[in-house]
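> Quick one: the structure is below, questions incoming.
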Amino acid sequence: MRVTMIGTGYVGLVSGACIADFGHQVTCVDMDSTKISTLNAGEIPIFEPGLGDIVRSNLEEGRLAFTTALRESVRDADAVFIAVGTPSRRGDGHADLSHVYTAAREIAGALEGFTIVITEVERIIRELRHDADFAVVSNPEFLREGAAIHDFKHPDRIVIGTEDEHAKKVAAEIYRPLYLNQAPILYTSRRTAELIKYAANAFLATKITFINEIADLCERVGADVQEVARGIGFDNRIGPKFLHAGPGFGGSCLPKDVRALIKTAQDHDVPLRILEAVETVNDTRKRAMARKVSISFAGVLRGKTVAVLGLTFKPNTDDVRDAPSIPLITALQDMGAKVRVYDPVGMEQARQVLVDVTYCRGPYDCVEEADAVVIVTEWEQFRALDMERLRDLMACPVMVDLRNIYRAEDMKKHRFAYTCVGRASTHQPIGIYTPLGQAESLTPALSGAATTAP
C-alpha cells in the first residue's frame, strides 16, 4: 500500500513509522522544511522510546520518506492520513480543526484515482472536487505517549469509521499485518468512531479523577489509597489501570478531549455533568498540590527553596502540555518559594512555559540546599534515590512524594518529613522544626512550630 501521512507531529510520526514497519510505502508530509531535513537525516524531534530506531531502519530500507511536497505525495497514494494538530480552540474549548481543514483543501487539489482520506473532511473535498473518487474514513488513534510503538503494533482494537465497502477493504489492508496479533477491527459510522475516541479518553480521565478524590478522603480517615485501588481493581468490571492517585492528569490528549467533548455536548443541549466536574476537579488539584509543600513549613514558603523532580506529565516523554508540574510550580512561586527543577528529557520544552526557575543537571544537583523536594513525575531515575546523600545535600529533609513511589516507613528511617498522596504521610525528621540541640522533640509539622534547619 502507498500511504501518505500529513503531519509529522507525535501521532503522524509514530503512525507513519509503524505503518512503514508493516511493509507499506509511507511518505510523511510537513510544511516545515527544516523539520523534514532533520527527519530525513534520521534525527527525531520528539522523545518516544524506540521511535528513532524504527524511523532510521525504514529510511534505510526505502519504505519511509519525508517531504514537503504534498501534491505529489497525495496523487500517488492509496490512503491519506491527516494527522495534524487539533489543540483546544482559544476561547471556547472546542478542538481547533483549522489545520485539518487546510490539509483537506490541499488534498482536494491533488487527488487522482480512488483514495481513502482518513479523517472528517468530506464536505470540504466535495466542494472543491466534485469529480474526485474518494471516501473519508475516521480512524482514531489510542496511543499512549511513552508506549506508542507497542500500542500501535499491539492495539486493543482498531476502529474504522466508514460505511463505504471499498474504503473498508483499503483500511483492512493497511492493518493486515496485525492479523496475527488478533487485534479486533470495529467497523462503524464516522461519527460513532469519533465519539469512541473522545468517550474513551474522557472515561480514563474520570477514572483518574475518581481515585484522586478517594485519595483525599483516605488522608482524612486514615486509609491507604493504594490498597483501596488494589481492592477495587481486582474487580474485572473496574480493572487496575488508571487507578494511581497523584497530582492530576495532563498531556496532549486527556485534558483537550475532555474539554472538547463537554463543548460538543453543550452545543447539542446534552450537558455532561460528570465530565464538567472531572475537568474542574483536575484543574484545581494541580495547583492545590503546592499546599502539601507549604504544610510542612506551617504554611509559610516565602524564602524557601523547593526542588521539583519531574516536569513532564508522565515518564518516557518530553511532553509538558497541561502537565501538573506547571501550575504546581507557579503556585509555589506565588507563595514566595524559589524553585529548582530537573527532568531527564523535558526541560527544553519546559523552558518555553516556565520562567524564574533554576534548571539543574541532575536530581542531586537539584536538591542541593533545598528546603523541600517534590516528586511530580515517576521517572525511573527517581525511584531509587540515595536517601542519605539526598538528606546530606538538603537544607531540610522534607519530601513531598506526589506519585507515592516511596514508603512512609522507609522515609522515617532516613529521618525525612514525608508527605504523599492518599496515605499516612508526615513523619517529622529530627532537628527540623525544633532548635538545634533539641532533636528529641517530634512535634508534628502541623503544629506550626518554628523551622530551624539542622
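> If you average the sequence gap of Cα pairs under 8 Å that are 6 or more apart and divide by the length of region 145-237, what percent do you get for the contact order?
It rounds to 26 percent for region 145-237.
> What does the highest-first list of 347-358, 67-78 look like by mean Cβ count within 10 Å?
Taking the mean over residues of other Cβ atoms within 10 Å, the ranking is 67-78, 347-358.
> Given the options Q25, M347, A104, identify the residue whose Cα lies farthest towards the positive end of the charge dipole of the chain (+1 on Cβ of Lys, Arg; -1 on Cβ of Asp, Glu).
Final value for the positive-end residue is M347.
> Express the carbon and sulfur contribution to the solvent-accessible surface of the chain as a percent, rounded to the nearest whole number, probe 1.4 angstrom.
On the chain, the fraction of accessible area on carbon and sulfur atoms equals 50 percent.
> Multiply the residue gap between E173 and D283 by 0.36 nm, knock off their C-alpha separation, and tell me the result in nm, one decimal place.
Once the chain is fully extended between E173 and D283, it gains 35.4 nm.
> Only residues of region 61-88 count here: report those whose backbone N is under 13 Å from the spot 7 Å along Cα→Cβ of E112, or say none.
71-78
> Do any cysteines in the chain lack another Cys Cβ under 4.7 Å, and if so which?
C18, C28, C218, C253, C396, C420
> Moving on to the next point. Under the rule of at least 5 residues apart or a separate chain, name every residue whose amide H is placed under 5 Å from the amide H of M5.
Amide H to amide H, under 5 Å and 5 or more residues apart or across chains, M5 pairs with T27, C28, V29, F81.
> Let me ask something else. Looking at region 78-122, which chymotrypsin sites (Phe, Trp or Tyr not before Pro) are DSSP coil and have at most 16 other C-beta atoms within 10 Å of their C-beta?
In loop regions of region 78-122 (DSSP not H, G, I, E or B), the sparsely surrounded chymotrypsin sites (Phe, Trp or Tyr not before Pro) are F114.
> Each label point is 7 Å from the Cα along the Cα-to-Cβ direction; what then is the distance between the points at Q266 and F234, in nm?
For the pair Q266/F234, the computed spacing is 4.3 nm.
> Extension gain R71-R56, at 0.36 nm per residue separation less the Cα-Cα distance, in nm?
Gain in length upon complete extension: 2.9 nm.
> Follow-up question, since we're still on this one. Tally the DSSP beta bridges in the chain and give the antiparallel ones as a percent, rounded to 5.
Antiparallel bridges: around 5 percent, rounded to the nearest 5.
> Which lysines have a Cα lying under 17 Å from the Cα of K338, excluding residues fewer than 8 positions away in the same chain?
K292, K304
> Give the peptides 226-232, 244-250, 142-148 in descending order of average Cβ contacts within 10 Å, highest first.
244-250, 142-148, 226-232
> To continue, here is another question. Using the per-residue mean of other Cβ atoms lying within 10 Å as a proxy for protection, in what order, highest first, do the peptides 182-189, 324-331, 13-20 fall?
13-20, 324-331, 182-189
> Check cross-link reach from K241 to the lysines: straight Cα distance under 23 Å, and skip same-chain residues fewer than eight apart.
Excluding near neighbours in sequence, the set is K153, K197, K207, K256, K286, K314.
> Treating the beta-carbon of each Lys and Arg as +1 and of each Asp and Glu as -1, no other charges, what is the dipole magnitude of the chain about its Cα centre, to the nearest 20 debye?
Once rounded to the nearest 20, the dipole reads 1000 debye.
> Using only alpha carbon pairs under 8 Å that are at least six residues apart, calculate the relative contact order of the chain and give it in whole percent.
11 percent
> Continuing with the same structure: With an 8 Å Cα cut-off and a minimum separation of 6 or more residues, compute the relative contact order for region 42-168 in percent.
For region 42-168, the relative contact order is 20 percent.
The values are calculated or read from the model by the stated rules, or taken from the named source; none is laboratory data. Since the structure is predicted, the reported quantities are computational estimates derived from the model, not experimental observations. We place every Cβ from the backbone using ideal geometry, glycine too, and count neighbours over all the protein chains shown. Surface accessibility is based on the protein's heavy atoms, side chains included, excluding ligands, DNA and RNA. Shrake-Rupley method; radii C 1.70, N 1.55, O 1.52, S 1.80 Å.
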